[in-house]
Amino acid sequence: MLSIDLGSTSQEFIDWQAVKNALLKGEKISVKQSGKEIGQFLPSFAQSKPMPKKRKLGFMLGEGAIPDDIHWGDDEVMAMFEESFDEKFD
């Protein structure tokens, strides 16, 4: 774990590249003042759930079939929608 001491930062140069690399590797970075830990930098993925695997679209392609005689809609229901639509825009 990388450690940054704020008490010595005025005399020393902080290697921000090392800080960035540590975060990209998933390491925690301890922030200290006078040798006492006051906080931590955590990589964003360490705080949350693990990244989900990417899902492949169309993975069920060809696994199901829609029958030719499927009932796509009820004429009575369609008529109710058309009536309410006509009333709003007349």
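The listed residues E83, E76, E27, once ranked by accessible area (1.4 Å probe) with the largest placed first, stand as E76, E83, E27.
Residues K28, K54 ordered from highest to lowest accessible area at a 1.4 Å probe: K54, K28. Under a straight-distance cross-link criterion of Cα-Cα below 21 Å, which lysines are reachable from K53, leaving out those fewer than 8 residues away in the same chain? Answer for K53, where 21 Å is the Cα cut-off: K25, listed by chain and number.
The values are calculated or read from the model by the stated rules, or taken from the named source; none is laboratory data. Just so it is clear, the model here is predicted, and its values are computed rather than measured. For accessibility, only protein heavy atoms count, side chains too; no ligands or nucleic acids. Shrake-Rupley method; radii C 1.70, N 1.55, O 1.52, S 1.80 Å.
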